[in-house]
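Taking it in order: structure first as structure tokens, then the write-up.
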Amino acid sequence: MTAPRQMALTTFVMPLGYHRNSWRRPGSRAEEVPGLAFLADIARKAEQAKLDALFFGDVVHATPTMRGDTMMNGFYEPMTTLSALAACTSRIGLIGTMSTSLTEPYNTARQLASLDHLSGGRAGWNIVTSADGFRNFGVPSAPEPAERYRRAAEFVAVVEALWDSWSDDAVVVDREGGRWLDTAKLRRIDFAGEYFDVEGPINIPRSPQGRPVLVQAGSSGPGMALGTSVADAIYTAQPDHAQAVEFYARSKRMIAEAGRDPEHVKIIPGIVPVVADTQREADEIAAELSSFLDVEQGRVQIAGDLGVDLADLELDEAIPAERFAEIGTLSSRQGIYRRKSLEQGLTLRELIFDRARSTGHQWIAGTAATIADRMQEWFESRACDGFNLNSPYNPDGFDRICDGLVPELQERGLFRAEYAETTLRGHLGLARPAVEF
């Protein structure tokens with residue numbers, strides 16, 4: 001008998017809160033960022049709720065920080081942070097972002113394999129390309145998107161080949177014979193491509209999961225092509241149910257066309273839930289969070305997101321279509337801003353508040369039951385395979401998610417009550433990749 005389908009649930013860890021400026025709320029523990037103690041409390045809370053994984057995004061430059069944006073920043077470098085959290089937890093997955101544009105495959109393969117060993121098989125890699133920060137790495141300007149994604153596809157191929165450069169039984173620990181390692185069970189990869197020439201093998205044994213879980217976050221055409229060809233899970237921003245259903249169907253179709261099993265790739269949109277005991281209380285919390293926003297700072301941040309000048313616009317007029325035309329090829333997130341401005345008619349002020357609370361994701365304020373109703377509708381209508389939970393404010397907002405919303409989903413049979421597996425692949429129902437020698 002086939003087990004009932006259950007949600008994948010991860011959480012986007014942002015200690016200062018997903019809602020812009022929510023750190024201004026009393027009790028936010030903002031003074032403790034970027035230290036470990038507060039972060040460890042969040043990780044342990046997520047594990048107590050039996051979530052699949054902690055997810056850390058990353059920005060490897062200070063551009064948004066210089067615009068006053070304390071949400072999209074690099075205050076926590078993912079690999080060092082997740083290694084510390086591996087020692088504070090025992091079951092929850094640990095997904096970290098590393099850019100294929102601004103590092104090298106060998107380094108990435110080593111770091112993730114090491115994290116997988118240190119955590120007992122809980123590592124995941126969120127594969128991204130970068131559009132900014134290149135001058136910090138000795139590169140004068142960002143390559144075109146098509147080139148960044150070609151490099152990304154080749155980068156992933158090298159990393160996977162390095163992970164497979166050791167046999168599972170290479171470590172023999174033969175005390176009598178004096179051999180810790182059977183060197184015949186290692187091989188060079190001798191990869192020669194457009195961007196990389198890598199000899200190999202990697203210098204670390206094959207990890208507990210064989211390969212750490214691959215995650216990709218991007219909903220543009222090139223992003224979808226990459227994600228559907230390599231990823232085990234795909235993060236996406238989908239604020240509209242009908243468009244989410246269409247994205248889900250298109251992604252699953254592309255996965256099948258790539259020769260992969262669509263049921264083995266999770267589509268996971270973000271959601272920002274404000275959980276309260278009553279709808280009135282939820283609305284009051286949402287209003288309080290909005291009250292912390294600096295509107296002019298929000299104007300600067302949206303202008304930075306779009307790469308266009310918005311200084312001359314009145315707050316109560318919409319961004320004109322020609323401003324979006326100046327951008328050329330829109331990213332998936334810029335496309336959401338365009339739809340909200342041109343199709344939904346949001347003014348600049350409304351877009352600033354919408355961005356502050358959701359950044360293009362689905363936002364909902366309500367009781368645990370009403371939020372679970374929405375999530376169940378999306379899940380059962382094949383708009384998603386689960387959700388990336390973005391806590392609007394911390395620590396209380398995340399406590400309400402873990403203590404109220406997740407138990408509601410568990411009671412409905414939509415999410416596990418206890419961990420049944422020990423690895424991230426196990427949590428997500430993914431097989432361990434085999435390697436042949």
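Laboratory data are not the source of any read-out in this text; all were calculated from the coordinates shown. A quick note: this is a predicted structure, and the numbers were derived from the prediction, not measured. Heads up, the Cβs are rebuilt from the backbone with ideal geometry, glycines too, and the neighbour counts pull from every protein chain shown.
Multiplying the residue separation of R374 and D182 by 0.36 nm and removing their Cα-Cα distance gives an extension gain of 63.8 nm.
Entry note, the stretch 317-396: relative contact order of 24 percent, from Cα contacts under 8 Å with a spacing of 6+ residues. Both radii are taken from the alpha-carbon atoms of the stretch 216-274; with Rh as the Kirkwood radius, Rg/Rh is 0.96.
One Cα centroid belongs to the stretch 353-431, the other to the stretch 201-249; the line between them spans 18 Å.
Its residue count N sets the reference 2.2 N^0.38 Å, and the alpha-carbon radius of gyration of the stretch 224-343 equals 1.35 times that reference. With respect to the chain, whose longest principal axis is taken over its alpha-carbon atoms, helix 105-119 is tilted by about 90°. The alpha-carbon positions of the stretch 82-149 define a convex hull whose volume is 91 Å³ per residue.
Annotation: amide H-H contacts under 5 Å for G386 (H modelled 1.01 Å from N, sequence separation of 5 or more, or interchain): A8.
Within the listed set G93, G74, G193, the Gaussian network model of the chain (springs between alpha-carbon atoms below 10 Å) gives the highest mean-square fluctuation for G193. Rg/Rh for the stretch 98-237 stands at 1.03; both radii use Cα atoms, and Rh follows the Kirkwood definition. Among the lysines, which fall within straight-line cross-link reach of K45, defined as a Cα-Cα distance under 18 Å, with same-chain neighbours fewer than 8 residues apart omitted? Qualifying lysines at Cα under 18 Å: none. Our summary of shape: the Cα atoms of the chain have principal axis extents of 76, 51, 44 Å, ordered from largest down, in whole angstrom.
Looking at the stretch 361-437, the GluC sites (Glu not before Pro) that sit in a DSSP loop and have at most 10 other Cβ atoms within 10 Å of their own Cβ are E418, E436.
Enclosing the Cα atoms of the stretch 17-68 in their convex hull gives a volume equal to 110 cubic angstrom per residue. Coupling constants for the stretch 394-410 follow from the phi torsions by the Karplus curve (6.51 cos²θ - 1.76 cosθ + 1.60, θ = phi - 60°), and in residue order they are 10, x, 4, x, 6, 4, 5, 5, 6, 8, x, 6, 4, x, 4, 5, 5 Hz; glycine and proline get x.
When peptides 109-120, 35-46 are ranked by their average number of other Cβ atoms within 10 Å per residue, the highest-first order is 109-120, 35-46. Axis angle, to the nearest 10 degrees, between helix 279-291 and the longest C-alpha principal axis of the chain: 90 degrees. Once the Kirkwood radius over Cα pairs is known for the stretch 150-199, the Stokes-Einstein relation at 4 °C and 1.567 mPa s delivers a diffusion coefficient of 105 µm²/s. Relative to the Cα centre, the charge distribution of the chain, modelled as +1 at Lys and Arg Cβ and -1 at Asp and Glu Cβ, gives a dipole magnitude of about 640 debye. Residue exposure proxy: M254, M7, ordered by other Cβ atoms within 10 angstrom of their Cβ from fewest to most, comes out as M254, M7.
Here is the size of the stretch 316-416 from its Cα atoms: Rg then Dmax, 16.7, 49 Å. Bridging of K266 to lysines at a Cα separation below 18 Å is possible for K50, K252, once same-chain residues fewer than 8 apart are set aside.
Taken over the stretch 128-179, the convex hull of the Cα atoms encloses 117 Å³ per residue.
Rounded to whole Å, the principal axis extents of the Cα atoms in the stretch 1-140 read 56, 44, 28, largest first. Axis angle, to the nearest 10 degrees, between helix 295-306 and the longest C-alpha principal axis of the chain: 50 degrees.
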